[in-house]
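Each reported figure results from applying straightforward, stated rules to the coordinates on display, with no laboratory input. What you see is a predicted model; the values in this text were computed from it and never measured. Here the Cβ is made from the backbone with ideal geometry for all residues, glycine too, and neighbour counts use every protein chain on show.
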Amino acid sequence: MITLDADILYKEPMAIGGAVNTHIIKTDKFKTAVCCVLIRRPLLRETASKNALLPGILRQGCAKYPSIPKINGRMEELFGSVFDCQIVKKGEEQILQFYFEGVSREGNFIKGVEFLKELILNPLIDSGGFKPDVAANAKNHLKNIIKGRMNNKAEYARVNCLAHICENEPFGAYADGYAEDLNDISAEDLYLHYKHILRTSPIELICAGNIDESELTAAVRGWDTTDRQRAIIPLARCFPARPAVKYISEDFNSAQGKLCIGLRSDIPPASGDFFGLLMMNEILGGGPGGKLFTKIRERESLCYYINSTLYWFKSIMLIQAGLASAHFERVVGLVNREIEEIRQECVTRDEWESAQQGLIAKFRSGQDYYSSILDFYAARYLLNDRRSVEDFIRGVEAASLSETAEAARRVEVDTVFMLK
Amino acid sequence: MIKCNNILNEDLYINQLSSGVKCYIIPKAGYVEKQAMLTVCCGSADNVYSLNNRIVQNHEGIAHFLEHKLFEDKDNALFGRFTQLGGSVNAFTTFNQTAYYVSCIDNFEENLKLLLNFCQRPYITDENVEKEKGIISQEIKMYDDTPSWRAYSNLNAALFGGGALAQNITGSVESIQGIDSKELLSFYHAFYFPANMALICVGDIDPEKAADIAAAHIEHKPVNQIKRGYEMDAADAARGYAELSMPVSMPLFELGFKETDFDTAPCTRIVSGKLLLDMIAGESSDLYERMYNENLIDDSFGMDYLSGPFYGVSVFSGSSPDPERVRTHIMNEIGCLRRGKLNRRRFESIKRKHMGRFIRGFNNIGQIAQTQSDLYIKGLDIFELMDRFANITFDEVQERLSRHFNESESALSVVKSSV
């Protein structure tokens, strides 16, 4: 078990590793406490759909709470606690994540942990498989989710741009599965698969809040069976961009064109050079002080939103904007010009300070949100990176313009995705 | 006035300053982020208003356009000034409110002053108004591509006929072309006076200092006796059905019931509305399970009670292969509950859930500010709502069921698939 105060995430390098996978982040700042269970699988095209079906099945019930109303009735009894089960893609891991959050009173949290344990270990089964009607529901709902990717066009452009960038890497696989796989997966196969992943996956139980360690220890007893063999999941690798930019255009007859420019860098997230990349991303498209916002939105009035996001695990940068399709080429040209400016160290003092302060504020204000605390902690743990939030803040403070320009020279456009 | 809430274990400082502005301050010890929000009681539903017996008709989208333009200053440096103070500034417009807010970690008082300052000093020229039209047009087109937003807008159009609530908050690409600096400034001077505003501050802050800054930096201005457009609207009957086609994989729907029960107090209307929706079709209901197992609804299915000073709507929304059938199910269930099937135990369970969720909302600085901003427009504070969740009775909710959810005041809006 790893126990640490939430403050420590911000002050000291945290303790990582060990064979025991219970993590406690102690804080009494919030009204609620959280328990998050991560069942970690490598993201692979072959198993993506099987894993993706599991949340839809498990969410429908377990032996003790055998239907959606029963599960939600239990959440109501636990003061409107929140439960969710979903697939999360972190780097090249496809994580089956269970989430419980409940107000901290009357033993609510421990009851939540016990609820998750029931849900995970005692699912609804019927003669050696998941219940057929439950599996059929899950397949149908997943098919609709996959078909529904087209409904949110900006998201469609984002997901497809990433898939093109990493077409030959695990990261390019869809973590929510493939419609064409679903018919061939039986309720029995799926249950065997689930038992297999329970036995062989690294499982992390991350709890945060005002938590009593001994109560938690008692509640999770029996989870970590001795015959488990944990697979080792390789760390995602970062690659440079392809030699010639790939352009993809899809016609959706949309009111507004969605542009997604994908850039790659081979600077790994755990390296010291990564601070240059963080600064470069922030100067370019981190907020209203960034070059993209001020030059392309405010000066040229070409779009309402334009920003850039860095995908830490893969050192991929995505620039997204909504604009008139007729202006695609012009905006791609303007974006390239702004990237070139950073490479040439043409960054004003305001741009620099705005980026630096913005990044530091993001790191610091993260401690006000469970989502950020859990994300930061999980990412560090999965990347085997021992740095604290303060280490990151110091790194950002120490970053120089020449390092930032050097990082910008190591980022190249890989794929341009245009949805018209 | 200081209010304490024992369930939440929080304090709320409420002050009406001599300028007329209402201050709500909620200290949150231990939090890093601080937020100040200046809320003006005007929004897209105020397109038409009457002042000094003169009816003023504005272009659709005026309140939202003004929200964009207040960020303008002479040397084009407002964002930069906030950045120097470590502040992150933004705004939003709804039917009834326009809210400007800054989040920061340090320099709260300086950020607050800057927020109050820019909201009171419009720098609006024909040139910068023209420049904004391209940006807002792109914002409108972004919403045009969002199926759920289109379904919701269409629902309002169906429920509120030709009235102010039927219009889009942003206006249309065509309607904003006619907006100029003169119109924006006259709208500004009509609505932006202290007695029509609230200041909400949340975070690890000194309540008295924040109130002092508000007192010193909000100018006194006379109160305008505005008659709001939506008060002048005829009560249009709801049109039962509206649809449009878009490239979506499955139809989307919004089923809305217009509020007609204005005799019930606003706080009770909101709380009972939310509880009843959950009792009818929430995730713990039999109806939810039936519709889910029939593959009529999926995880996108949800419901909410939305309201302003003169309106209220209960909305069920989601994706479905057969929205009409969802409507039939919901109408049948309402009929069934009205015939005495409303369950007291379920009521207690749902009430407990909503109280827990409300308490959870106090984890989040931004959410507290936004909830209080929304409640200010309705003349309420956040503790009143919490107390109502805690003390509402089964009989009150049962009574409300007979006064709301009338089929003749409902509409179904569907976005059909064009692919």
Next item on the list: Quick one: work out Rg over Rh on the C-alpha atoms of the range A:323-378, Rh as Kirkwood radius.
Entry: 1.19
Checklist line | trypsin sites (Lys or Arg not before Pro) restricted to the range A:228-290 and DSSP loop, no more than 16 other C-beta within 10 Å | finding: A:Arg228, A:Arg230, A:Arg237
Checklist line | Dimensions (Å) - chain B, Cα atoms, principal axes, largest first | finding: 61, 51, 42
Item checked: Reachable aspartates and glutamates, given that their alpha-carbon falls under 14 Å from the alpha-carbon of A:Lys258 and they are not under 8 places away in the same chain -> A:Glu155, A:Glu250, A:Glu329, B:Glu139, B:Asp144, B:Asp145
Checklist line | Per-pair calculated FRET efficiency, R0 = 56 Å: A:Lys26 and B:Asn76 via Cβ, rounded to 0.05 | finding: 0.75
Checklist line | For the range B:63-102 versus the range B:168-217, the gap between their alpha-carbon centres in whole angstrom | finding: 9 Å
Next item on the list: For the range A:192-206, take each phi angle, set θ = phi - 60°, evaluate the Karplus expression 6.51 cos²θ - 1.76 cosθ + 1.60, and give the result in whole Hz per residue in order, putting x for glycine and proline.
Entry: 4, 4, 4, 4, 4, 6, 5, 7, 10, 8, x, 10, 10, 10, 10
Margin query: If neighbour count is taken as other Cβ atoms inside 10 Å, put B:Tyr241, B:Tyr49, B:Tyr305 in order from fewest to most.
Written below: B:Tyr241, B:Tyr305, B:Tyr49
Item checked: 20 Å binning of all Cα-Cα separations within chain A, expressed as whole percents from 0 upward -> 24, 54, 22, 0
Check: Once fully extended, how much extra length lies between B:Ala195 and B:Gln16, figured as 0.36 nm per residue of separation less the alpha-carbon to alpha-carbon distance?
Finding: 63.5 nm
Next item on the list: Have a look at the range B:237-417 and give its Rg and Dmax from the Cα atoms, expressed in angstrom.
Entry: 16.4, 46
Check: Counting partner chain Cβ atoms within 10 Å of every residue's Cβ in A:65-76, what's the average?
Finding: 5
Next item on the list: On a C-alpha basis, how far is the centre of the range B:317-342 from the centre of the range B:1-56 in Å? Whole number, if you could?
Entry: 37 Å
Next item on the list: Determine, from the Cβ-Cβ distance of B:Glu208 and A:Ser402 and an R0 of 41 Å, the FRET efficiency 1/(1 + (r/R0)^6), rounded to the nearest 0.05.
Entry: 0.30
Next item on the list: Could you grab the Rg to Rh ratio for the range B:321-396? Cα atoms only, Kirkwood for Rh.
Entry: 1.10
Checklist line | Degrees, to the nearest 10: A:274-285 long Cα axis against longest axis of chain A | finding: 70 degrees
Checklist line | Shape call, the protein assembly as shown: gyration tensor on alpha carbons, a/c limit 1.5 | finding: rounded
Next item on the list: Please tell me which of these pairs span more than 29 angstrom C-alpha to C-alpha: A:Lys153/B:Lys74; A:Lys90/A:Lys195; B:Lys133/B:Lys274; A:Lys153/B:Lys133?
Entry: A:Lys153/B:Lys74; B:Lys133/B:Lys274
Margin query: Past the 30 angstrom mark, what percentage of all C-alpha to C-alpha distances in the range B:2-231 do you count?
Written below: 29 percent
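If you rank B:Ser314, B:Ser417, B:Ser319 by fewest surrounding Cβ atoms within 10 Å, what's the result?
In increasing order of surrounding Cβ atoms, one gets B:Ser417, B:Ser314, B:Ser319.
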Notebook entry, point to check: How many partner chain Cβ atoms sit within 10 Å of a residue's Cβ in peptide A:362-368, on average, as a whole number?
Noted result: 5
Item checked: Within 10 Å of each Cβ in B:25-34, the average number of Cβ atoms from other chains -> 3
Notebook entry, point to check: Normalised by the number of residues in chain A, what is the relative contact order in percent for Cα pairs under 8 Å and 6+ residues apart?
Noted result: 22 percent
Check: Which angle between 0 and 90 degrees, to the nearest 10, do you get for helix B:207-217 versus the longest principal axis of chain B when only C-alpha atoms count?
Finding: 60 degrees
Notebook entry, point to check: For the Cα atoms of chain A, what angle does the longest principal axis make with the long axis of helix A:153-165, in degrees from 0 to 90, nearest 10?
Noted result: 80 degrees
